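The values are calculated or read from the model by the stated rules, or taken from the named source; none is laboratory data. Predicted model, so just to flag it, every value in this text is computed and none were measured. Neighbour counts run over all protein chains shown; Cβ positions are idealised from the backbone, glycine included.
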Amino acid sequence: MLLTMTCFQPRDVPCHDYFYSLKNVSFCAFHPRDHRYMGFITKHPQLHRFACHVFMGCESTRPVAEAVGRAFQRFYTKFIETAYPIEDIYIE
């Protein structure tokens, strides 16, 4: 799953789209007093480096941060089920 951030600006202003694999996002939250601000921390896929990304929305970013949190929870649950399967052991 990818986290995509898109910039909406007039056509003459440079704009960047960002794509982050959800497995590399280690933290995501919105500002407690001003919900227009949201940030998340990502780990570089190969290097031992981290980056903090902060965005300001026109309106509250709370729904975005909460959606990322729910998506991460689903991803992590599936990852644990796959990486560490629980097998039923029957002792006779």
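Output the residues belonging to region 64-82 that are in contact (Cβ under 8 Å) with a residue 60 or more places away in the chain and under 12 Å from K23 (Cβ atoms).
Filtering region 64-82 for residues in contact (Cβ under 8 Å) with a residue 60 or more places away in the chain gives 68, 71, 75.
Across region 64-82, the qualifying residues are A71, F75.
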Query raised in the report: In region 52-81, how many residues are of a type in the set (G, A, S) and at pLDDT 90 or above?
Result: 3
